[in-house]
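Enquirer: Dropping the structure in here first, questions after.
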Amino acid sequence: MKRFFAYLALPVRPWMWITALVLVLAAGFSVRMVDLTDLPLDFHPTRQLFSALKARAMYYETLPEAPAWKRDIAMSTGDLPTIEPPVMEFIVAQTWRLTGEYLWIARIYSSLFWVLGGLALFLLARDLAGTGAAFISTLIYLFVPYSIIASRAFQPDPLMVALIIYSLWCLFRWQNTGKWKWALWFGIFSGLALFVKNLSVFIVVGALAGVILGNLGLKRAIRSLQVWVMAVLLVLPVGVYTLWGVLSGALEGQFSLRFFPALWDDPSFYFSWQSLMSYATGFGVWFGGLVGIFLAERRRERPILLGMWAGYILFGFVFSYHFTTHDYYHLPFIPIAVLSLAPLVRLVLEKFVERNPGILLRLGLVGLVIAGAAVQAYYGIARLTRDSYGHEVAYWQEIGDVLGHDANVIALTHDYGYRLAYWGWQNSKAWFTTGDFKVRYLAGQEIDIAEMFEKDTQNKDFFLVTLFGDFEAQEEIRAYLYENYPIISDSDEYIIFDLREH
């Protein structure tokens, strides 16, 4: 911290930098509380409602005053495929027992975890490049517009990213001190990160490999008890969970439709990847981060940065399809980019101070940085408040009432029926969208649509349509439904075909 205030020729007081950091983190949290109570449909609603339904099932499971039919529907709609341990869902469900069922509570937790990750990012960036660079890196992490939107989503990723950053900080401390306490803390935080979401393995293991190969040396690492303990702690929680999931069948199907090497020789894959990197951080940030790697100290700073980038690149090739269709797969890239940028920021600050001895110019630089963060925060707030989704509750409740809550329904509808399930209290089977067909064709699967329709509509009462564009694109199914089944409800907002009359 001393270096930062020395830049400004100001006296150093511990309370000054502590207060500044607290204010930055508090501002980052406050921005994320804007439009808090709106429905979670502003960012990947399918993924957020997936978690919402799981949390509601946990909540209603032990809610004695709930009507029996609601409890049954909550349990059935929340019985969704297991992806990762429902850590966030469990936290939210337990909170609902105290507060009642409010979806926006998940936003508070996700935002809090992300902001707490900012504390570790500041500490790591300070160790890497000094306090001035650490403040600028933290401001980017907290206020880049995509960060504001994505970091408050009801999904495990904000917590995962925070745990990744804490593990990286401990890893860097261990690299420079060799102390057992940092080895153990790395093992604990990295193990938790993988447990919350195992996709974090690419970044965490990449950073560890970078430190081992670029700083410690492979031979020393093999002989190091600390390294072995770190590795065991890293894999133990997720290893036990994965073993349980495979043996119990709970994780069955979660390893399919993941690996698409055919995309590697498609130039559009790389253009899409770069576009999402820029969407997440801004082109200047991640490109400056690449430059920053080569400005970092070769043995002390560069290994962990190269390891993080290598892990991220490997992540992209392994999950090539999801990397270009699920932008939140790039959330871990935000700390990677801003940490890599820190050495470049350090150099710029040093040159600025060297060539601008006057305090007014230095204060002007601070003001410029704060103004930049404020502008980015404004863009984030504008995106948060651009749309309102409160009207959706009545819409889905109406459809649920028209269908009847005990009906057997198949639906070409929003978010695989999750909106209908959560607000319409209706358990439905999802009919494939055109995107679902596309990804299966990309994976080499062959689908007989007529056979699939006959199988999926067996014993179903109704076929619901709310995705009209997708319905128009599926001409074969559209024509078959209109020709063979009566319509019990037809409006500008939804169509219901009666499958019982054929």
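Enquirer: If you average the alpha carbon positions of region 206-242 and of region 80-136, how far apart do those two centres end up, in angstrom?
Expert: Region 206-242 and region 80-136 have Cα centres spaced 25 Å from each other.
Enquirer: Could I ask something else about it? Which whole-number percentage describes the relative contact order of region 26-145, with Cα contacts under 8 Å and a sequence gap of 6 or more? Each step should come with its number before you reach the end.
Expert: Numbers: 91 pairs, mean separation 32.6, N = 120.
Averaging sequence separation for qualifying contacts and normalising by length gives 27 percent for region 26-145.
Enquirer: For region 294-365 and region 416-430, compute the distance between their C-alpha centroids and round to whole Å.
Expert: Their Cα centres are 42 Å away from one another.
Enquirer: What do you get for trypsin sites (Lys or Arg not before Pro) in region 394-502 restricted to DSSP loop and a cutoff of at most 14 other Cβ within 10 Å of the site's Cβ?
Expert: Working: sites: ARG419, LYS429, LYS438, ARG440, LYS455, LYS460, ARG478, ARG500; in loops: LYS460, ARG500.
Of the trypsin sites (Lys or Arg not before Pro), the ones in loops of region 394-502 whose Cβ has at most 14 other Cβ atoms within 10 Å are ARG500.
Enquirer: I would also like to ask the following. So if a site counts as exposed when it's one of the GluC sites (Glu not before Pro), its DSSP state isn't H, G, I, E or B, and it has at most 13 other Cβ atoms within 10 Å, what's the longest stretch of the chain without one? Before the final figure, lay out each step's value.
Expert: On the way: sites that count: GLU65, GLU252, GLU297, GLU446, GLU493, GLU501.
The segment 66-251 is the longest one with no such site.
Enquirer: Further question: Hey, can you grab everything whose amide H is under 5 Å from the amide H of PHE260? Only 5+ residues off in sequence or another chain; H modelled, so Pro and N-termini drop out.
Expert: SER320, TYR321
Enquirer: Taking the Cβ of TYR146 as the centre, find all other residues whose Cβ is under 10 Å away and add up their charges (Lys, Arg: +1; Asp, Glu: -1). Please list the in-between numbers first.
Expert: Values: positive: ARG383; negative: ASP327.
Value of the local net charge: 0.
Enquirer: So which of LYS197/LYS429; LYS429/LYS460; LYS179/LYS219; LYS70/LYS197 end up more than 21 Å apart by C-alpha? Present the calculation step by step, with values, prior to reporting the outcome.
Expert: Details: LYS197/LYS429 27 Å; LYS429/LYS460 9 Å; LYS179/LYS219 19 Å; LYS70/LYS197 30 Å.
Going by Cα-Cα distance, LYS197/LYS429; LYS70/LYS197 fall outside the 21 Å limit.
Enquirer: Give me the percent relative contact order of region 435-502, please, defined on Cα pairs under 8 angstrom at least 6 residues apart. Intermediate results must be reported in sequence, preceding the final value.
Expert: On the way: 53 pairs, mean separation 21.5, N = 68.
So the answer I get is 32 percent.
Enquirer: What does the helix-only formula give at 222 nm for the chain: each DSSP H stretch with n ≥ 4 adding -39500 (n - 2.57), the total divided by the residues, and the result rounded to the nearest 500 deg cm²/dmol? Write out the running numbers ahead of the final one.
Expert: Details: 25 runs with 342 residues, N = 502.
Only helices count here, giving -22000 deg cm²/dmol.
Enquirer: I've got another one for you. For LYS181, which aspartates and glutamates qualify as cross-link partners when the Cα separation must be under 18 Å and same-chain residues fewer than eight apart are set aside?
Expert: Leaving aside aspartates and glutamates fewer than 8 places away in the same chain, those within reach of LYS181 are ASP127.
Enquirer: Loop only by DSSP, 14 or fewer other Cβ within 10 Å of the Cβ. Give me the trypsin sites (Lys or Arg not before Pro) in region 159-199 that pass, ordered by residue number. Show your work: numbers first, answer last.
Expert: Details: sites: ARG173, LYS179, LYS181, LYS197; in loops: LYS179, LYS197.
Within region 159-199, the qualifying trypsin sites (Lys or Arg not before Pro) (loop, at most 14 other Cβ atoms within 10 Å) are LYS179.
Enquirer: For region 384-454, with only Lys/Arg (+1) and Asp/Glu (-1) charged at the beta-carbon, what is the dipole magnitude about the Cα centre, in debye rounded to 20? Could the numbers behind the result be given before it?
Expert: Details: 5 positive and 11 negative charges, 57 e Å.
The calculation lands at about 280 debye.
Enquirer: In a shell of Cβ-Cβ distance under 12 Å around PRO45, excluding PRO45 itself, what net charge do Lys and Arg (+1) and Asp and Glu (-1) give? Working shown, then result.
Expert: Details: positive: ARG47, ARG419; negative: ASP38, ASP42, ASP387, GLU392, ASP415.
Result for the local shell: -3.
Enquirer: Please state, as a whole number in µm²/s, the translational diffusion coefficient that the Stokes-Einstein equation yields for the chain at 37 °C and 0.692 mPa s, with Rh defined as the Kirkwood radius across alpha carbon pairs.
Expert: Values: Rh = 24.9 Å.
Approximately 132 µm²/s, per Stokes-Einstein.
Enquirer: Where the centroid of each part is defined by its Cα atoms, how far is region 467-488 from region 385-412 in Å?
Expert: That distance is 20 Å.
Enquirer: Then there is this: Taking region 287-367, which trypsin sites (Lys or Arg not before Pro) meet the DSSP loop condition and have no more than 12 other C-beta atoms within 10 Å? Don't skip to the end; give the middle numbers.
Expert: On the way: sites: ARG298, ARG299, ARG300, ARG346, LYS351, ARG355, ARG362; in loops: ARG298, ARG299, ARG300.
Loop-located and lightly packed - ARG298, ARG299.
Enquirer: Provide the net charge surrounding ARG71, with neighbours chosen by a C-beta distance below 11 Å and charges set as Lys +1, Arg +1, Asp -1, Glu -1. Please report the intermediate quantities before stating the final value.
Expert: On the way: positive: ARG56, LYS70; negative: GLU61, GLU65, ASP72.
That sum, taken over residues with Cβ under 11 Å, equals -1.
Enquirer: Only bridges with both residues in the chain count here: give the DSSP antiparallel percent, nearest 5. Could the numbers behind the result be given before it?
Expert: Numbers: 7 of 14 bridges.
Here the antiparallel bridges make up roughly 50 percent for the chain.
FYI, it's all coordinate maths here, none of it is from the lab. Here the structure is a predicted model, which means the values were calculated and not measured. Neighbour counts run over all protein chains shown; Cβ positions are idealised from the backbone, glycine included.
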